[in-house]
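Reading through the structure tokens given below for one structure.
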Amino acid sequence: MDDDDRKGFMHNGHEGYRPDICYSRVMGKMSGSVVINVKRPVFQLEDLNEGYRNSSGPEIDLEVSTKRKKVAKLKWSDAKTVVPAIDWLFTNYQWSDDFVKDFVAGFTVAVLNIPQGMAYAMLGNVEPTVGLYMAILPVIVYSLMGTSRHVSMGSFSVVCLMTGKVVNAYANQNNNGNVLSAGAGPFPFTPDSVSLLQQARNDSSVVTVAATVAATATTTYTPIEVATAVTLMVGLIQILMYVFRLGVVCTILSETLVSGFTAGAAVHVVTSQMKELLGVKIESHNGLFQIVLTYYDIVNSITNINLATTAVSCITVALLLMYNLYLKVIINKRLIIPVPIELLTIIIGTLLFQFSTFSNDYHIKLIGEIQRGLPDFKPPPVNLLLSVITESVIIAIVAYSVTMSMALLFSEKLKYSIDTNQELLAQGLGNVCGSFFSCLPFAASLSRSATQQTVGGKTQMASIISASLLVAVVMWIGHLFQPLPRCVLASITIVALKDILLQVRDIVRIWRTSKVDAAIWLVTYLTVILVEIDVGLLAGVLVSLFFVFSQGIGSGVYVLGRIPDTDLYVDAERYRRAVEVPRIRILHYSGSLNVTNRNVFKKKIYSNLARYDGELAPITISINDGKETMVKTQCVIFDLAGMHYMDTSGLSAFAQVIDQLNEAGLSVYVAAVSGNVYDCMRFQRFSTVHFFPSVHDAVEFYKSHESYCS
């Protein structure tokens, strides 16, 4: 070390020096010592503020500032913020290097989208091709507006299932115009209403009533109309959340809550596919214990299952599981892109049933007629929007949270930033546009997103390529899958959910890590299964907020002791070598102080101040020459480094504590208080309280003051 390095520094007129540093590492731990030797005066917080606090700065010309803001609105960077594709597509995209990787990823995702889109569309109770539509226009909109580079948007099982439940509740007409059920439309199609229409044909006295009923009966909704109404409302809600900057909503749904929710929802998905897997008619149930009642009906109908359909389902599931568990890793190591096993499955299934009579001989239900070409432009029924608003809010939050969990996972792994509010705008606009072209609400797919990133996708160009390839599929290939059995698509759905279903095993790890998180997981999971999907999500959120609220009330107060011959003050119970400073009781408080926990704060403070002769005065132990001497405390120092917020009720409670301590003859110091809490305390005008930037400043000030008085 040269002479310049050994020179000290001047600090407020006092000299200090920079120490030599020498240490060695033994078995990963520091065995030597880094010596810190600082010589400075004791500061009170007022002195520190007067000498070192930033000034208010130069005056700003408001007129010039306004002009600058107007000019700033025209910045090119603002356009890139609203449409991020301008940045990565036209500015930073490496066509020679990235395009080939994005093309391979886009082709792979498009191949995966065909079986998954068709299978998940069945969960939404709409035609299988709707799942392909969802991977075209909404995905292109998101690719241009979104900030994640790797999520693969489109159909997602849980979101499609939740939409399918709304479709079941409100659709009262099939795509051919035939009445399905009473539904929830304005006109109830009951036997009485039908007989009234028949009576109206022969009885002129009820012409007016019949005309009214007939006019009302025209307001019916097909499944796709209900689905698009939900999609439009979901998009509008997400855009509204963007306007109010509610991207923070994703932080409310923790990873634990989302894990329990998706695992429970996966059980609903599997249950909804049992009728397709077994080829049996099962009555739909809603509300409490719907899954239990569904399996009860399956057991009662066990003699009516279609053995041929069940056999096809078992064979398909067995083959897919065998490939995924044993062959996938081995084969993919030798190939550039993964084998599209799901696509091969539906191709083989289609060919097998196209050139055989199995479906007719054994009554196996097929997909049936598939429309050819892109969907027509058709606005959703506006009259239905208010009816589905409650369900749409839940779907909007779930779709956004699932997508954000995947987006944040990739951004943290690959070191780029995500704009949570911009994601709301991208998904909202994608849903609004998709609602006019026969689409369900879309979200990120866990499996497709992982595949897109694994095979080398660099940007959302992969999604644009995937959407372009799916246009060709919808135009010229999709209708060829008409002979495919529905049970094959149901089998693909079940196998695709394997990892989500097995998330139930995570409860052991979560329990060992945090009992609170385990409780949140279990409440969410069980409520989703036993009650309803949306109720389960609400229950999980409420339990999470309850624990956050309760932990905020139960903020910690503990006594600090000093590590001998240092300026370090630590929890005296946690560190056995820490000793209390004679005649001083140092109390550390962590958390906020507000109307909800002010009484708890006072109770904990008093519990740490032992009574001495009927007064609030704790006893400390003074160690002199190895002997312990009990002495009465004369000063209380509050270490408020962990206090980040204080409202007026909390300030009043703190003032009451100070007054009682002063009445007991104790001096009160406040140390390490944050700037915003200090500003709040200044309005209370604590005339008897001294404020210090650190605990050590307060201790040394008291010692010097004590020696001066003595």
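The values are calculated or read from the model by the stated rules, or taken from the named source; none is laboratory data. A quick note: this is a predicted structure, and the numbers were derived from the prediction, not measured. Glycine also receives a Cβ, built like all others from the backbone with ideal geometry; neighbour counts cover every protein chain displayed.
Here are a few things to note about the model shown:
- Of note, residue 681 satisfies the criterion of being under 40 Å from the mean Cα position of the chain (by Cα) and modelled with pLDDT under 90.
- Enumeration of residues in the range 229-270 that are among the small types (Gly, Ala, Ser), assigned to a helix (DSSP H, G or I) and within 17 Å of residue 424 (Cβ to Cβ): 235
- Residue in the range 344-360 that is farthest from residue 454 (Cα to Cα), counting only those that are of a type in the set (Val, Ile, Thr) and surrounded by fewer than 15 Cβ atoms within 10 Å (Cβ to Cβ): 357
- Every condition in (1) crowded, with 16+ Cβ neighbours inside 10 Å; (2) more than 22 Å from residue 279 (Cα to Cα); (3) in contact (Cβ under 8 Å) with a residue 60 or more places away in the chain holds for residue 341 except the one numbered (3).
- Being touching a residue at least 40 places away in the same chain (Cβ under 8 Å), small (Gly, Ala, Ser) and in the same structural domain as residue 323 (by TED's automatic domain parsing) holds for only one residue in 490, 519, and it is 490.
- Taking the conditions (1) touching a residue at least 60 places away in the same chain (Cβ under 8 Å); (2) under 25 Å from residue 373 (Cα atoms); (3) out of contact with any helix residue (DSSP H, G or I) (no Cβ under 6 Å at 6 or more places or on another chain) in turn, residue 472 satisfies each one other than (1).
- Filtering 287, 247, 235 for residues that are touching a residue at least 24 places away in the same chain (Cβ under 8 Å), surrounded by 23 or more Cβ atoms within 10 Å (Cβ to Cβ) and either within 22 Å of residue 544 (Cα to Cα) or assigned by TED's automatic domain parsing to the domain that holds residue 538 (or both) leaves a single hit, 235.
- Tally, over the range 35-83, of residues that are within 15 Å of residue 147 (Cα to Cα), modelled with pLDDT of 75 or more and part of a helix (DSSP H, G or I): 2
- Selection count where residues are of a type in the set (Lys, Arg) and either under 18 Å from residue 478 (Cα atoms) or over 39 Å from the mean Cα position of the chain (by Cα) (or both), scope the range 366-391: 1
- Residues of the range 559-591 that are in a loop (DSSP other than H, G, I, E, B), among the hydrophobic types (A, V, I, L, M, F, W, C) and crowded, with 16+ Cβ neighbours inside 10 Å: 572, 578, 581.
- Matching option when the condition is in contact (Cβ under 8 Å) with a residue 12 or more places away in the chain, closer than 30 Å to residue 222 by Cα and crowded, with 24+ Cβ neighbours inside 10 Å, among 139, 109: 139
- Number of the condition not met by residue 297 [criteria: (1) in a helix (DSSP H, G or I); (2) in contact (Cβ under 8 Å) with a residue 40 or more places away in the chain; (3) touching an Asp or Glu at 6+ places or on another chain (Cβ under 7 Å)]: (2)
- Among (1) assigned by TED's automatic domain parsing to the domain that holds residue 484; (2) under 27 Å from the mean Cα position of the chain (by Cα); (3) of a type in the set (A, V, I, L, M, F, W, C), the one test that residue 85 misses: (1)
- Being surrounded by 19 or more Cβ atoms within 10 Å (Cβ to Cβ) and in a loop (DSSP other than H, G, I, E, B) is a property that residue 457 has.
- Considering residues of the range 429-444 that are polar (S, T, N, Q) and assigned to a helix (DSSP H, G or I) only, the residue surrounded by the most Cβ atoms within 10 Å (Cβ to Cβ): 431
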